[in-house]
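Peer 1: Here it is, the structure in full.
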Amino acid sequence: MTPGDIIKQARAEGTRTLSEYRSKQVLAAYGVPVTREIIARDPGDAARAAQEIGFPVVLKGSAPDLAHKTEAGLVEIGLPDTESVAAASARLWPLLPEGGGLLVQEMAAGKREFLVGMTRDAQYGPCVTFGLGGIFAEALNDTVLRLAPVSEREALAMMDEIRAKALLGPVRGLPAVDRPALARAITGVSAAALAHPEITEIDINPVIIADDRPIAVDALVVLA
C-alpha cells in the first residue's frame with residue numbers, strides 16, 4: 001500500500017493513530033530507515049516471521065490507536081529462538097485489541113537513542129523536531145526545531161545544536177553516527193508531513209544507533 005492508501009483506509013475506518021506497522025510503512029516511503037518487521041495474524045505466523053527475520057527478535061502488539069504498548073504489557077524483547085517466540089505469542093495474543101496482530105521485529109541494539117518528530121502548527125505548519133530520545137527524552141528536553149521543508153543541510157545543522165551533540169561522534173569506543181543516514185530520517189519526516197496535510201503528528205522514539213546506523217525502532221503517525 002502507498003502512504004496515501006494507508007491514510008485513506010485509516011480515515012475511512014475512523015482511525016486517528018496508525019499502528020506502528022502502518023506508521024513505519026508511511027515513513028519508510030519517504031526515506032526514514034526503519035526496522036525489518038513482519039505483521040503476524042496468529043501465533044504460528046509470528047514464529048515463521050521470526051525465523052525469516054532472524055533471531056533475536058522483538059514481539060509487539062499492533063493495532064490502530066494503540067500508542068502505549070509497553071505500559072499495556074504488549075512488548076517482549078530479545079527473544080532468542082522459536083520456542084521463546086511461541087511462548088511470548090501465547091502470552092500476548094489474549095491481550096490484543098480486537099482485530100490486532102503481532103509485530104515481529106528485528107532486535108536493534110545500541111547505546112545511543114535519539115528522536116525525530118513533527119507537530120503541525122495551525123499558523124506555521126509542520127514543525128520538525130530532532131533531539132535526544134529514549135525513556136528520558138521528556139525529562140532531558142534536549143531538542144531543536146525547524147519549520148518544514150527541512151533540507152539535508154538543515155538536518156545536519158540540527159544535530160550540532162543539541163546539548164548532547166557529542167553522542168553523535170566517536171564516544172566511549174562507539175563509532176561516529178552515520179550523519180547523512182540520520183539526516184534522511186529528519187528530511188523524511190519533513191517530506192511526509194508536507195505530502196500529507198492529514199498528518200498532524202509524527203513521533204519516532206527511539207531512533208537507535210546500531211553501530212553507526214540509525215534505525216527507527218518505534219514510530220507513530222497521528223491523523224487529523
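The values are calculated or read from the model by the stated rules, or taken from the named source; none is laboratory data. In this text the structure is predicted, and so the values were computed from the model without any measurement. Because the Cβ atoms are built from the backbone with ideal geometry, glycine has one as well, and the counts that use them run over all protein chains shown.
Peer 1: Restricting attention to strands (runs of 3 or more DSSP E) lying wholly within segment 95-192, give those where 3 or more residues are crowded, with 19+ Cβ neighbours inside 10 Å, of a type outside the set (Lys, Arg) and at pLDDT 95 or above.
Peer 2: Qualifying strands (runs of 3 or more DSSP E): 101-106, 112-121, 125-132.
Peer 1: Spot the failing condition for LEU74; the list is (1) over 22 Å from LEU18 (Cα atoms); (2) surrounded by 20 or more Cβ atoms within 10 Å (Cβ to Cβ), and only one is missed.
Peer 2: Going through (1) over 22 Å from LEU18 (Cα atoms); (2) surrounded by 20 or more Cβ atoms within 10 Å (Cβ to Cβ) one by one, LEU74 breaks only (1).
Peer 1: Give LEU132, LEU92, LEU168 a once-over and let me know the one that is touching a Gly at 6+ places or on another chain (Cβ under 7 Å) and not acidic (Asp, Glu). First the steps, then the outcome.
Peer 2: Numbers: LEU132 fails: touching a Gly at 6+ places or on another chain (Cβ under 7 Å); LEU168 fails: touching a Gly at 6+ places or on another chain (Cβ under 7 Å).
None of the other options fit; the residue is LEU92.
Peer 1: If you don't mind, another one. Are there any helices (runs of 4 or more DSSP H) wholly within segment 1-88 with 2 or more residues that are at pLDDT 95 or above and under 30 Å from GLU198 (Cβ atoms), and if so which?
Peer 2: In segment 1-88, 3-12, 20-28 are the helices (runs of 4 or more DSSP H) which contain 2 or more residues that are at pLDDT 95 or above and under 30 Å from GLU198 (Cβ atoms).
Peer 1: May I ask you to say which residue of GLY73, GLY78, GLY99 is closer than 21 Å to ARG36 by Cβ and among the small types (Gly, Ala, Ser)? It would help to see each step written out before you state the result.
Peer 2: Numbers: GLY73 fails: closer than 21 Å to ARG36 by Cβ; GLY99 fails: closer than 21 Å to ARG36 by Cβ.
The conditions single out GLY78.
Peer 1: Ok, one more. What are the residue pairs meeting all of these: first residue in segment 169-185, first residue within 23 Å of GLY31 (Cβ to Cβ) and in contact (Cβ under 8 Å) with a residue 24 or more places away in the chain, second residue of a type in the set (Ser, Thr, Tyr) and part of a helix (DSSP H, G or I), Cβ atoms under 7 Å, and 6 or more apart or on different chains?
Peer 2: Going by the 7 Å Cβ cut-off, there are no qualifying pairs.
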